[in-house]
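Read the structure below first, then the notes.
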Amino acid sequence: MQNKIKELRTQLSITQRELADMVGTSQQQIQRIETGKVAAKLGLAQAISAVLKKPLNAVFPGNDTLLQKVRNQSSRSDDDLESIAASGIEMDGCIWTVKLWLRGQQDYLLLPISPADKRRFYSYFQERAAPDYEHFFVFDSEQHRYALNAREVIFHQFLFDGFPPIPNEEANEGRYGNVHITMVNGGPVIELYCEPDESEDESNGDIGQLNAFFDILESESESTERYQLTDIDGEDAFIRIGSIAMVRIALDALEPVEDDEE
C-alpha cells in the first residue's frame, strides 16, 4: 500500500502524534497506515487528506478509477473492496466483531476484527489442515494481535455495528501480562510479561521474540514443537505449539511507536 502521508506531513512540519490528534485516532494507527501495514477507512483517509490540505487521490494515489467503480455499484464484492484496500483505502465502513467458541471453553469470545481480516477469515477456515501440523490464523485489532488455532475454533459468526459494546480487555491488560496464551480443551490462560520487541534491525534481520512467535505460528509448525519466550525477569517459558488455542499480544509490545518529533 503506497501513500504520501509522511512526505506531505513532513512538508507541513506535522508529526504523527499531531496528525493523530487532528483526525481522532492514535499515533500507532497513523504509523501503521503511513507504512502501508493497514488501509485507512474512507472517513479517516478523507480526514487525513483535509489536514494535509491535499485531495484524496494526492495522498492515496492510484485509486480514482477503483473508487469511482465501487461508488457506482449497488453492491460491492470482496474482490472490489480488496482491490481498493490495496491502494490504501478501506471502503468497508462497518465495525466488525467475530464471535467465536474455542473447543472446551464455556463462554464465547468477542474479538474486534478489521474488514480486511474478516475477508481473509472465511477462506482461511475452509482450508484443510495437515495432520500433525498446526494451522493458525493471525490478525490485528487496533490494540492486539491474535493467533487462532483453526483446529480449536468450533464456531464463528461476524457481527457488525450496533452490537453491545465488547468488554474492555484493557482493564485487565496491565494486571500482569502483555502476552496471553489460551490453552486447548478449555485450559487456562497463561499470562507472561515480556519486554516489547524493538524496531526490526535490518542489519541482522532480528524481528524480536514476540514477532518471531507469530511467524512460527503462521508457518504451520509441527504440533510437538515448542517455542521459548523469555519474560521480563529473564526466566524462560516453553510453550508446546499444539497445546495453544489462542494467543493475544498487545500491539505496543510488537510494534513500538517511533518518536517522530520534528
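Remarks
- Using heavy atoms of the protein chains and a probe of 1.4 Å, the accessible area assigned to ASP117 is about 20 Å².
- Listed by chain and number, the lysines whose C-alpha is less than 27 Å from the C-alpha of LYS99, apart from same-chain residues fewer than 8 away, are LYS37, LYS41, LYS118.
- Surface accessible to a 1.4 Å probe, PHE238 within the full protein complex, Å²: 130 Å²
The values are calculated or read from the model by the stated rules, or taken from the named source; none is laboratory data. Since we're looking at a predicted model, the values are computed, not measured. Note: accessible area is taken over every heavy atom of the protein model, side chains too, but ligands, DNA and RNA are not part of it. Shrake-Rupley method; radii C 1.70, N 1.55, O 1.52, S 1.80 Å.
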